[in-house]
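Just below is one structure, and these are the notes that go with it.
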Amino acid sequence: MNLIITRGVTVILVICAVIVTALLIRDELISSGIPELDPIPVRVLSDMAWQRATDTDPVLGPRAARIKIVKFYDYECPFCRSLQSNLDQIRQKYPDDLAIIHRHYPLSYHPTAYPSAVAAECAQEQGQFEAYHAELFERQESSANPNWIGLAKRVGILNLPDFRECVGQELPSSKIKRDILLADSLEISAIPTLIVEGSVFEGVLSVNDLDKIIQNIIRDDKGSIVDDQY
């Protein structure tokens, strides 16, 4: 019995030593300034598929921006909310360079995701998509009993009768269904998903990851311009 206990303690000590060593190596690599790896896309769309993905509204940022990002998301998805926060930060750094194109992909097991998408599209009809979109994510924890009209008042939607009719009749449903069909045709299998200039990234990209992707595109664009001059 004592031998078994001794061996068990030895194994635990070895495991602890390995973990501590790994942490020390990680800290050493970080402190030495070795750069982190760039985010790797799961695949790259064809030119035709990319064109289809970008052909819609709403768009946040200049439509003619040099870098287009298509976002598939769900208003009840907590990871989508995290990504939204990161995108807001990166837009502040590149206000003129990014066009973020929004595609709905409400998951069937999120009961308010689809009606939230409908309400957001109704806000888009009145030029208030960005504010309404932000409010839906901001109030995600209380989404079990959403108050679409209350949110509309909060963000400054003036024509409440039209907004109420739009939400009540689910007028934007065809647009949302087209987004879902497009996602399926593009084999989108995770929410959130970003498509950046045709490259597909799944999950939550950090602000640092987004910055690296954007910087790589800008650098490649500059290289192409230089090559064209010779």
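Readers should treat all values here as calculations from the given coordinates under stated rules, not as data from a laboratory. Just so we're clear, the structure is a prediction, and the values are computed from it rather than from any experiment. For neighbour counting, all protein chains shown are included, and Cβ atoms are generated from backbone atoms with ideal geometry for every residue, glycine included.
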Please work out whether segment 136-191 counts as rounded, prolate or oblate from its C-alpha gyration tensor, where a ≥ b ≥ c are the square roots of the eigenvalues and a/c under 1.5 means rounded, while otherwise a/b larger than b/c means prolate and anything else oblate?
oblate
Ordered by residue, what ³J(HN,Hα) values in Hz, to whole numbers, does segment 50-56 give under the Karplus form 6.51 cos²θ - 1.76 cosθ + 1.60, where θ = phi - 60° and Gly and Pro are x?
5, 5, 5, 5, 8, 8, 6
Let me check I've understood the local charge: for Asn147, count other residues with C-beta under 10 angstrom from its C-beta, Lys and Arg +1, Asp and Glu -1. What total comes out?
+3
Proximal aspartates and glutamates relative to Lys212, as straight alpha-carbon distance under 19 Å, when same-chain residues fewer than 8 apart are discounted
Glu36, Asp38, Asp88, Asp96, Asp97, Glu197, Glu202, Asp220, Asp221
Antiparallel %, DSSP beta bridges [both residues in segment 43-228], to 5
65 percent
